[in-house]
Amino acid sequence: MTDPRQHLPGVDRVLASAAFAALLAEHPRQRIVHHLRSALDHAREDLARGTGRASPHIGDLAREVEKALVLDGIPSLRPVINATGVVLHTNLGRAPIAPAARSAMARAAQGYGNLEFDLERGSRGSRYVHCVQLLRELTGAEAALVVNNAAGALVLGINTLAVGREVAVSRGELVEIGGGFRIPEILVRGGVRLREVGSTNRTRIADYETALDTGQIAALLKVHRSNFRIEGFAEEADVAELAALADRRGVHFFHDLGTGLMMDPAALGLPGETRVADSLANGAHVVGFSGDKLLGGPQAGILVGRREPVARMRQNPLCRSLRVDKVTLAGLEATLRLYRDPGRALEEIPALRMIASPPEELLGRATRLAAALEARGVEARVSPGTSLVGGGTCPGVALDTFVVKPHPGTRSVSAVARRLRRGDPPVLAPVEDDHLNLDLRTVEPEEESLLEERVVRACLPNTN
């Protein structure tokens, strides 16, 4: 009996066909050959299982290759519409950045720039001078340094201040950050030994003093509890107490603040969140924080504080391994400039504006979207909901909002959510209690018409 796989057409024959002429005119031959071989392999496997036909039509092969070529052109990193209500969504890139920052980053990426060139002297300069003056101005710090992210800033800071020695940190602050990374493991990789003090819920200044009595402590570390909080029978040493103790005993004090809040938290409706300037004013020697959390800029790790320890961090060989690129520096500088006018920062930095959006404004937007969906045949209702700041900030703080709940029609809610994720652009929205919830807090106004279109296509039958 003849093996049906012998009848499969050869690559050269297929490529010479009229069905492939248009593809060869538009796409690299190498990519077409790659996908054609894959298509023939699939046909061969189907024939071996008895599920394929003896000789696939060349037109079918052309359509399969064309589909693969289209998928080739879709970037793996794509813009999405965030309808989750989580403002600093780590999985979606955290803070959406301001138009001014986007423009600055695009300009920096277009060509050459004075990243490490001193235009005044006409000689080599340093990338570490960019953003420094703005950071000093906005925080009151003597010195500043920008690296690639906040975890890198912590590693660089602790390695510089206490390599080969011990760092004292409260047991209640041994947090795990995103991706399963834990503060104790980061400290060990930073070349220091961890000295745990106090207990999970209660750590007093006396606990640090006892640790200092061993003579092994080079630095005190206070870590922001990024994604949880301790309530009830709890106590912790504050920044001012730790700074005074560090000064008195001649050791360093590093505050890993994380959030990067620059403005009055009351303007954002965020209770109890510490600003970078507050930590420095209360005596912290060095403060480390993120550029892409409550600062609202691109991902970066920022170190601000006293001149001597920051200068040592800049000279640490690890600094080169953690250095920041020109595009990030351009975006960060543009974001920081907005903070010279807090009102403008609140208006133009998307993350801040989203957090501060009042519920009545969100109700109006949600009502308009629901009405637009109804007019196009998709049942929808508006209900109260809760947004989150996200990004490892403000644990336990809920932001009142209103969500749109579209009816999935003849499809299941999970099927609609899947269609939204797989569309262009993808739409991310949570499913809770078998309802899809669209929170417009994290949707830009100019995205609303596109969101409407995507929801209609996902819910109604006979739509793609």
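The values are calculated or read from the model by the stated rules, or taken from the named source; none is laboratory data. All of these numbers come straight from a predicted model, not from anything done at the bench. With ideal geometry, Cβ positions are generated from the backbone for all residues, glycine too; neighbour counts draw on all protein chains shown. Surface areas here come from the heavy atoms of the whole protein model, side chains and all, with no ligands, DNA or RNA. Shrake-Rupley method; radii C 1.70, N 1.55, O 1.52, S 1.80 Å.
Miscellaneous remarks
- Residue pairs meeting the criteria (Cβ under 6 Å; at least 6 apart or on separate chains; first hydrophobic (A, V, I, L, M, F, W, C), in the range 16-30; second outside any loop (DSSP other than H, G, I, E, B)): 19/58; 19/59; 19/62; 20/62; 23/32
- Residues in the range 374-392 that are open to solvent by 10 Å² or more (accessible area, probe 1.4 Å) and assigned to a strand (DSSP E or B): 9 in all.
- Selection status of residue 455, surrounded by 14 or more Cβ atoms within 10 Å (Cβ to Cβ), in contact (Cβ under 8 Å) with a residue 60 or more places away in the chain, in a helix (DSSP H, G or I) and more than 21 Å from the chain's Cα centre (by Cα): yes
- Residues considered: 168, 219, 244. Of these, the only one that is open to solvent by 40 Å² or more (accessible area, probe 1.4 Å), aliphatic (A, V, I, L, M) and either modelled with pLDDT of 85 or more or over 31 Å from the mean Cα position of the chain (by Cα) (or both) is 244.
- Restricting attention to the range 14-27, the residues being surrounded by fewer than 11 Cβ atoms within 10 Å (Cβ to Cβ) and not small (Gly, Ala, Ser) number 1.
- Selection within the range 393-406: residues that are open to solvent by 20 Å² or more (accessible area, probe 1.4 Å) and touching a helix residue (DSSP H, G or I) at 6+ places or on another chain (Cβ under 7 Å). The member of this set that is farthest from residue 183 (Cα to Cα) is 402.
- The lone exception for residue 136 - which of (1) within 22 Å of residue 240 (Cβ to Cβ); (2) open to solvent by less than 60 Å² (accessible area, probe 1.4 Å) it fails: (2)
- Verdict on residue 187 being touching a residue at least 60 places away in the same chain (Cβ under 8 Å), more than 21 Å from the chain's Cα centre (by Cα), surrounded by 22 or more Cβ atoms within 10 Å (Cβ to Cβ) and assigned to a helix (DSSP H, G or I): no
- Taken over the range 135-160, the criterion of being outside any loop (DSSP other than H, G, I, E, B) and over 15 Å from residue 289 (Cα atoms) is satisfied by 137, 159, 160.
- Selected residue (criterion: least open to solvent (accessible area, probe 1.4 Å)) from residues of the range 171-184 that are modelled with pLDDT of 75 or more and not in a helix (DSSP H, G or I): 174
- Of everything in the range 257-312 that is basic (Lys, Arg) and more than 18 Å from residue 137 (Cβ to Cβ), the residue that is modelled with the highest pLDDT is 312.
- Meeting the requirement of 2 or more residues that are at pLDDT 90 or above, the helices (runs of 4 or more DSSP H) wholly within the range 11-127 are 21-26, 29-49, 58-72, 99-110.
- Whichever residue in the range 426-451 is without any contact (Cβ under 8 Å) to a residue 12 or more places away in the chain and not in a helix (DSSP H, G or I) and, among such residues, is nearest to the chain's Cα centre (by Cα): 432
- Residue in the range 413-425 that is more than 19 Å from the chain's Cα centre (by Cα), among the charged types (D, E, K, R) and part of a strand (DSSP E or B) present: no
- Among residues of the range 190-208 being open to solvent by less than 80 Å² (accessible area, probe 1.4 Å) and under 29 Å from the mean Cα position of the chain (by Cα), the one that is modelled with the lowest pLDDT is 190.
- Selected residue [surrounded by 12 or more Cβ atoms within 10 Å (Cβ to Cβ), of a type in the set (Gly, Ala, Ser) and in contact (Cβ under 8 Å) with a residue 40 or more places away in the chain] from 62, 43: 62
- Being surrounded by 14 or more Cβ atoms within 10 Å (Cβ to Cβ) and touching a Ser or Thr at 6+ places or on another chain (Cβ under 6 Å) is a description that applies to residue 439.
- Residue match in the range 414-432 (condition: open to solvent by less than 50 Å² (accessible area, probe 1.4 Å) and over 30 Å from residue 71 (Cβ atoms)): no
To keep it simple, each residue is scored yes or no on (1) in contact with a strand residue (DSSP E or B) (Cβ under 8 Å, 6 or more places away or on another chain); (2) open to solvent by less than 10 Å² (accessible area, probe 1.4 Å); (3) farther than 30 Å from residue 90 by Cα.
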residue: 240; (1), (2), (3): no, no, yes
residue: 248; (1), (2), (3): no, no, yes
residue: 252; (1), (2), (3): yes, no, yes
residue: 257; (1), (2), (3): yes, yes, no
residue: 262; (1), (2), (3): no, no, no
residue: 269; (1), (2), (3): yes, no, no
residue: 286; (1), (2), (3): yes, yes, no
residue: 289; (1), (2), (3): yes, yes, no
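- Set 393, 335, 410: member being of a type outside the set (A, V, I, L, M), at pLDDT below 95 and within 30 Å of residue 147 (Cβ to Cβ): 393
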